[in-house]
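Enquirer: There's a structure below that I have some questions on.
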Amino acid sequence: MRVLRKGGAYLYADGSPYGQARAGLAARIGRYCSYCERRENLLEVEHIQPKDAHLAKERLWSNFLLSCKNCNSIKRTKDPQLTDWLIPDRDNTMAAFVYRQDGIVDIAPMVPLALIPAAKATLDLVDLNKEVREVLDDAGNLVALDRRSQRLEAWLLAKRFRLHWDKVPSPALQDAIMELARTGGFFSIWMSAFDGVAQIRQGFIQLFPGTESACFDPVSSAANRPHPNADGLDAGGKL
Ligand SMILES: [Zn+2]
């Protein structure tokens, strides 16, 4: 799950209707769902703590992320303590999960024992591993309907370009890879597919707006540093 830093309020004043924060959020963290990483045009302003239970935080930038309809509708009014789950704009959610090639998102082996329940709670909150739903179109091609199937598709594409890269790396190919990742989303899958290729991985980190680069080793690009939580968000920096 891409690790984020959205910074202070941008193109939004706390207290305004929360829908007005969408453009500023998209500018800061890109038009990607903060949970499932899909690129979406119809992203919703997501309340980290649900607005019904936390009225005082309904119009606070610090309580916002961007979410696709799917993740948002599953999360809905679920209201765990901020200390009980990992939050992309304040914890190193990149280090918390591994993206398997079968589309499953798993808890990373290096997550400290004490934080495993929080990592699991994060997956459950938006039910990231919900079952695969696919249909065939008129021509017999597979149409991926759900988030897991779409991760499988992203994997296939990313692996194909990793093979190309391993054969003949070039600036033009790097450019094409960046463009595919930017337009399709799924940051974590592209990062996983280019495991060991720091040059490309650093490119993704720079390319996706709002990725908290301080969580990555500047040389190896491994996501092995705790989130600095430079904006001082509640319960941040757990991982
Ligand atoms: Zn989503």
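Enquirer: So if I place +1 on the C-beta of Lys and Arg and -1 on the C-beta of Asp and Glu, and nothing else carries charge, what would the dipole magnitude of the chain be about its Cα centre? I want it in debye, nearest 20.
Expert: Details: 31 positive and 29 negative charges, 44 e Å.
Dipole size: approximately 220 debye.
Enquirer: Then there's this: Just to be sure I understand the model, the point goes 7 Å from the Cα along the line to the Cβ. What's the resulting E134 to A56 distance in nm?
Expert: Output for this residue pair reads 4.9 nm.
Enquirer: Further question: Once the piece of chain linking I104 and T83 is laid out straight, how much longer is it, given 0.36 nm per residue of separation minus the C-alpha distance between them? Before the final figure, lay out each step's value.
Expert: Numbers: separation 21, 0.36 × 21 = 7.56 nm, distance 2.45 nm.
Contour length minus the Cα-Cα distance gives 5.1 nm.
Enquirer: For the chain, set up a GNM with springs between Cα atoms under 10 Å and report which of E40, E134, E58 has the largest fluctuation.
Expert: Among E40, E134, E58, the largest GNM mean-square fluctuation belongs to E134.
Enquirer: Starting from the amide H of F64, placed 1.01 Å from N in the peptide plane, find each other amide H under 5 Å away whose residue is 5 or more places distant or on another chain.
Expert: I48
Enquirer: Report, ordered by chain and residue number, the lysines lying within cross-link reach of K51, taken as a straight Cα distance under 18 Å and ignoring same-chain residues fewer than 8 apart.
Expert: K69, K75, K78
Enquirer: On to the next question. Would you calculate a helix-derived [θ] at 222 nm for the chain, using -39,500 (n - 2.57) for each DSSP H run of n ≥ 4 and dividing by the full residue count, to the nearest 500?
Expert: Values: 8 runs with 81 residues, N = 239.
It lands at -10000 deg cm²/dmol.
Enquirer: Using a basic spin-label model with each label point 7 Å from the Cα along Cα→Cβ, how many nm lie between I116 and Q20?
Expert: About 4.7 nm separates the two model spin labels.
Enquirer: How high is the relative contact order of the chain, in percent, with contacts defined as C-alpha pairs under 8 Å that are six or more residues apart?
Expert: Values: 403 pairs, mean separation 55.7, N = 239.
This gives 23 percent for the chain.
Enquirer: How far is helix 171-184 tilted, in degrees, relative to the longest principal axis of the Cα atoms in the chain, given as a value from 0 to 90 rounded to the nearest 10?
Expert: 40 degrees
Enquirer: Say a paramagnetic label sat at a point 7 Å from the Cα of H164, along Cα to Cβ; which residues of region 137-151 have their backbone N under 12 Å from it?
Expert: No residue qualifies, since no backbone N sits under 12 Å from the label point.
Enquirer: Right, here's the next one. Residues with amide H under 5 Å of R38's amide H, sequence separation 5 or more or different chain, H placed in the peptide plane at 1.01 Å from N; which?
Expert: When sequence neighbours closer than 5 places are left aside, the close amide H contacts are C33, F186.
Laboratory data are not the source of any read-out in this text; all were calculated from the coordinates shown. All values reported here derive from a predicted model rather than from experimental measurement. Positions of Cβ are backbone-derived with ideal geometry, glycine not excepted, and every protein chain shown enters the neighbour counts.
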